[in-house]
Amino acid sequence: MQEKLQKETMERKKTIRDYETVALSEDGKAVVILDQTKLPGTIEQLRLETAEQIREAIYLLKVRGAPAIGVAAALGAYVLAKQSRAVKYDDFAGEFARNKEFLNSARPTAVNLSWALNRMESVVKNNADKSVEEIQELLRREALGIREEDIRVCRAIGEYGLSLVKPHDGILTHCNAGRLATIRYGTATAPIYLGQEKGYAFRVFADETRPLLQGARLTACELHSAGVDVTLICDNMSGAVMRNGWVDAVFVGCDRVAANGDTANKIGTSVVAAVAKQYQVPFYVCAPTSTIDMDTPDGDGIRIEQRPEDEVTQMWYRERMAPEGIRVYNPAFDVTDHTLISGIVTEYGVARPPYSSSLRKICRAGKQI
Ligand code: MRU
């Protein structure tokens with residue numbers, strides 16, 4: 001009895017860092033995700049096997065963050081393709097296209113979703129001469145490749161981001177562009193994690209991020225559990241902490257960067273950017289090149305997801321906090337004008353204004369590697 005008790009106390013309590021954000025199950029038949037709607041209170045993994053389950057998990061933000069939904073969709077497309085009973089290529093490709101469209105309809109703003117699904121579809125289209133089994137295997141490799149790539153890409157963003165700050169700097173971030181939004185380092189949090197490896201001792205401010213509280217529930221949780229010095233603030237406090245001189249740089253993630261540098265990210269990001277400009281704090285957007293959409297000329301062309309009103313009126317509250325029947329506007333993202341952005345940190349370097357040429361150069365560099 002005593003021995004058992006001792007063993008239990010010696011066992012380290014598991015934290016979210018011990019779980020993958022999104023992965024392929026060991027038997028290869030399901031996408032396994034950490035259910036982010038339950039965090040930080042409950043750590044629960046979900047096994048997704050059907051198209052409906054995968055799409056719903058993305059729509060309900062059980063898996064969320066632009067890179068993570070791209071990976072979930074890629075793995076999902078493979079899992080569904082593997083279930084196919086088609087023998088002829090045309091039947092298989094038709095089924096694949098239908099599943100792709102269905103998954104792609106889950107959320108409109110993050111370009112990573114269609115980017116990952118298009119990559120998967122290219123595998124099907126480019127291998128029409130192969131058997132269904134061979135294409136299924138190629139799809140498995142592509143999906144796992146997209147997942148592995150995310151780790152390398154985020155680390156590279158972290159290295160470039162780290163070159164923009166100094167030890168002991170104050171860093172403010174909005175929403176969750178962290179490990180939970182990706183596979184390992186996050187994008188906006190990658191410089192923070194890499195800095196921690198080097199003993200930089202940053203002081204981080206995390207906006208709580210109304211209405212879905214990704215900052216409070218996810219960023220605060222993952223940074224705190226990693227031992228980062230993090231302070232949670234309400235969204236309307238970023239002006240106060242910047243005026244106090246506590247913030248040396250803002251790092252945020254993004255869901256889509258237009259060709260001119262206008263950037264869609266979680267609602268409230270553009271307000272932080274405007275406040276940062278007021279206090280001359282550099283405002284950096286961390287963007288894997290998979291999030292840059294050179295086909296969309298500017299922010300006006302980015303479709304902004306609208307979400308249900310109960311996210312604003314009652315979700316997270318013990319009781320409804322707004323009058324019945326009140327009109328609600330609940331856009332999930334906003335566009336930050338490129339003029340407010342000091343730099344866009346990608347895995348190939350930091351793009352600086354004018355973005356119409358620097359982003360083109362960076363995307364071209366990526367294609368050559
Ligand atoms: O609605 P969400 O939680 O998916 O929104 C996420 C964000 O806005 C992130 O900042 C963005 O996807 C970048 S994640 C690296």
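Since every read-out is calculated from the coordinates, none of them should be taken as a lab result. Predicted model only: the values in this text are computed from it and were never measured. Every residue, glycine as well, gets a Cβ built from its backbone with ideal geometry; the counts of neighbours run over all protein chains shown.
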Under 22 Å from the Cα of Lys266 - lysines, other chains or at least 8 residues apart: Lys38, Lys62, Lys277
Approximate spin-label separation Arg364-Lys88, in nm, with each point projected 7 Å along Cα-to-Cβ: 4.5
Tensor-based shape of the stretch 132-261 (alpha-carbon gyration tensor, a/c under 1.5 rounded, otherwise prolate or oblate): prolate
Net charge over other residues, Cβ less than 13 angstrom from the Cβ of Gln136 (K, R count +1; D, E count -1): +1
Residue-wise HN-Hα coupling along the stretch 252-260, computed from phi with Karplus coefficients 6.51, -1.76, 1.60 (Hz; x: Gly, Pro): 10, x, 7, 10, 6, 10, 7, 4, 8
In sequence order, calculated HN-Hα J values of the stretch 174-181 (Karplus, 6.51, -1.76, 1.60; Hz; x Gly/Pro): 10, 6, 10, 10, x, 3, 5, 9
Extreme residue, positive dipole direction of the chain, given options Ser238, Phe333, Phe102 (C-beta unit charges): Ser238
For the stretch 161-368: rounded, prolate or oblate by the Cα gyration tensor [a/c cutoff 1.5]: oblate
Value in Å of the Kirkwood radius, where the stretch 10-153 supplies the Cα pairs that are averaged: 15.4
Rounded to the nearest 20 debye, dipole of the stretch 1-151 from Cβ charges on Lys, Arg, Asp, Glu: 400
Dipole in debye (nearest 20) - the chain, about Cα centre, beta carbon charges: Lys, Arg +1; Asp, Glu -1: 540
Added length on full extension, which subtracts the Cα-Cα distance from 0.36 nm per residue, Tyr329 to Arg243: 28.0 nm
C-alpha center-to-center spacing [the stretch 82-145, the stretch 235-282] in angstrom: 37
Pairwise FRET efficiency - Lys166 versus Lys14, Cβ, R0 = 41 Å, nearest 0.05: 0.75
The chain: projected area of the alpha-carbon convex hull, averaged over directions, in nm²: 22.0
Shape call, the stretch 19-69: gyration tensor on alpha carbons, a/c limit 1.5: oblate
Under 28 Å from the Cα of Lys130 - lysines, other chains or at least 8 residues apart: Lys29, Lys82, Lys88, Lys100, Lys367
Label-reachable residues, the stretch 151-179, where backbone N falls under 16 Å from a point 7 Å from Tyr279's Cα toward its Cβ: 169-175
Cleavage-rule hits, trypsin sites (Lys or Arg not before Pro), the stretch 49-106, DSSP coil, Cβ neighbours within 10 Å at most 13: Arg85, Lys88
Partner aspartates and glutamates for Lys166 [C-alpha distance under 18 Å; skip if fewer than 8 residues away on the same chain]: Glu197, Asp229, Asp248
HN-Hα J in Hz across the stretch 283-292 - Karplus 6.51, -1.76, 1.60, θ = phi - 60°, x for Gly and Pro: 10, 10, 9, 9, 9, x, 4, 5, 9, 8
